[in-house]
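Below: the structure, in structure tokens.
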Amino acid sequence: MAMMESIVGEIKPKPFVEQRRRSIIIDYLLSTSTHGLRGVGRAYSTCNRFFWVGIFTIASSLMLYFVVSSVRQYFTYATQTSVEIRLDRKMPFPAVTICNANPYRLDTMNASLVAFLYRQLLSNITFNQNLLNPLAIPLVVDLFNRNQTEELWSIGFQLSDILLGCVYNGIDCSNSFTRSLTSALGNCFTFNWQTSTPFFTLADLGNTLLLREGLQMIFYVPRETNFPVEYFNIGLNVLLHDNDEFPLSIEKGLFLAPGLSYLITYRKSTETFLPSPYSQCTSDVSSDLRALYKTTFADNNASDSVVYSESACHELCEQAYIFSQCSCILPIPFFTRKMLTLDRNLISVKTCNPITNEFLCAFTAKQQLAASDQLQTAWCSYCTSQCKYTYFTSDLSSQAAPSETEKAILAAVLLNASNTTTVLLPNDFAQRFDYYMDRNYLRIEVACGSKYVTEYKQVATLPLIDMFASIGGQTGL
């Protein structure tokens, strides 16, 4: 009976100094909350003790297996995609970037070309338009390399040269554009940029009864003052993009011809990826991208708000390789003054001169990079994907314009002696009003096709907290 009481632990505990090693272990086995160990401590025979030891070992092995499996599953960083369709009544209206398809004015461009020609030849010569036309690209490159930014702005069309009116939901928006400079399309103008004041959302409404909510812009595209070269077209380039996204108009924009009224309806969707270690995406804007943004935008506040662009990063790494081979870069698709070397140092660069053999060297280097996976890995490996992509899926439709009624309204404004607009009109505009309006009128309406945003999100299959919850559950079992 005394032995049974000793096993079950019902006798009075001895002082600690008198306890033997065996009794300490038995006391622990009897007091622990682990059922298998308590069974070992209460075992009344050797066979019973072996039974409980076996059960405890099997259960501990299973627990350890599932715990290790949970930890290993977490460190695979497995993900899945969740899809949510969300109503957003205060959705920001997208940024709309407008560029003239022919970026340079004939009069201002010719004045700069004549000065450029005299500066190159150092003497007065007889020239005509056919002599000036091939010098357009060399002039633009020369102005940029000499940091003559103001003259670069001046040779292109200004917004006031082409814009007749801008209304957003009945609110005048003629002054809500942010200016940017591109090498391919000259001066561009972005409506509703991130730093614009005011910043428009779908909830911003005026006091006017509207047939259709959205942005309405009316342009007069003065084709008679376009610079006459074969690689420029007639019309406007229009791009819808996120409010802080770098506009790549030459790659993604829509080219619209004058003489029509266009309706662009859009639906918004986003893709969001998890950062490292779940993916290789990044949101960090590197120093060469920031330098590109500052070169493109006249407003520093606008350039500081631009987010990371994977497409722009790849263009820059291509230019970096070209510079390493030719000590100059190509002027297309955008201007930039800074570049990252292979060892990630930011250096100043110049644009290749098309009059010399620098262009040939640059094209050869570009072909080499495109043909070599090793070169692309070495120079462009840091251009990882964006952590967020925003898409505006657009439907484009058009109809004949302007109507006779609208022409009468425009005539009352443009032919009035007190007309204060600065749109570029030909000298005989009043005598041939219908002819010029039919040729050069262009109307653009941008409307939201759905207030529902489709969001695709990459989420962790096993978040950290779920891993600890799983371990706790396995341990409890």
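Any read-out appearing in this document is the output of simple, stated calculations on the displayed coordinates, not a laboratory observation. Everything quoted here is computed from the prediction, not taken from an experiment. Heads up, the Cβs are rebuilt from the backbone with ideal geometry, glycines too, and the neighbour counts pull from every protein chain shown.
For region 198-269, the residue among G235, G214, P198 whose Cα projects farthest onto the positive side of the dipole built from Cβ charges is G214. For region 164-248, the share of alpha carbon pairs falling in successive 5 Å distance bins from zero is 3, 11, 21, 22, 18, 12, 8, 4, 1, 0 percent.
Between the residues S249, Y308, V423, the greatest Cα displacement towards the positive end of the dipole of the chain, with unit charges on the Cβ of Lys, Arg, Asp and Glu, is found for Y308.
For the chain, the dipole from Cβ point charges (+1 on Lys and Arg, -1 on Asp and Glu) about the Cα centre works out to 2000 debye, to the nearest 20.
The separation of region 56-101 from region 165-219, counted between C-alpha centres, amounts to 37 Å.
What FRET efficiency, computed as 1/(1 + (r/R0)^6) with R0 = 35 Å and r the Cβ-Cβ distance, is obtained for A447 and T420, rounded to the nearest 0.05?
Details: r = 30 Å, r/R0 = 0.84.
Once the sixth-power term is evaluated, E becomes 0.75.
Under 14 Å from the 7 Å Cα→Cβ point of S305, by amide nitrogen: which residues of region 165-196? Correct set: 176-180, 190-196.
In square nanometres, what is the average projected area of the Cα convex hull of region 291-332?
Details: hull surface 12.9 nm².
Computing the convex hull of the Cα atoms and averaging its projections yields 3.2 nm².
Counting only the Cα atoms, region 346-477 fills a convex hull of 374 Å³ per residue. Separation between the A298 and N133 pseudo-spin-labels, each 7 Å from Cα along Cα→Cβ, expressed in nm? Result: 3.0 nm between the two label points. Applying 1/(1 + (r/R0)^6) with r as the Cβ-Cβ distance of Y77 and S327 and R0 = 51 angstrom yields a FRET efficiency of 0.75. When only the Cβ of Lys, Arg, Asp and Glu is charged (+1, +1, -1, -1), the dipole of region 222-263 relative to its Cα centre reaches about 220 debye.
Per residue, how much space in cubic angstrom lies within the convex hull of the C-alpha atoms of region 109-230?
Working: hull volume 15.8 nm³, N = 122.
Per-residue hull volume (Cα only) is 129 Å³.
Working value for region 216-285: equivalent-ellipsoid semi-axes of 36, 16, 9 Å, each the square root of 5 times a Cα gyration tensor eigenvalue, largest first. No disulfide-compatible partner, judged by a Cβ distance under 4.7 Å, exists for the following cysteines of the chain: C47, C448. Along its three principal directions, the equivalent ellipsoid of region 87-455 from the Cα gyration tensor extends over semi-axes of 35, 31, 15 Å, largest first. From the alpha carbon centroid of region 224-246 to that of region 286-352 is 21 Å. Can you flag which of K294/K366; K294/K350; K268/K294 are past 19 Å Cα-Cα? The pairs that break the limit, which is 19 Å between Cα atoms, are K294/K366; K268/K294.
Taking 0.36 nm per residue of separation and subtracting the current Cα-Cα distance, fully stretching the chain between N48 and D284 would add 78.6 nm.
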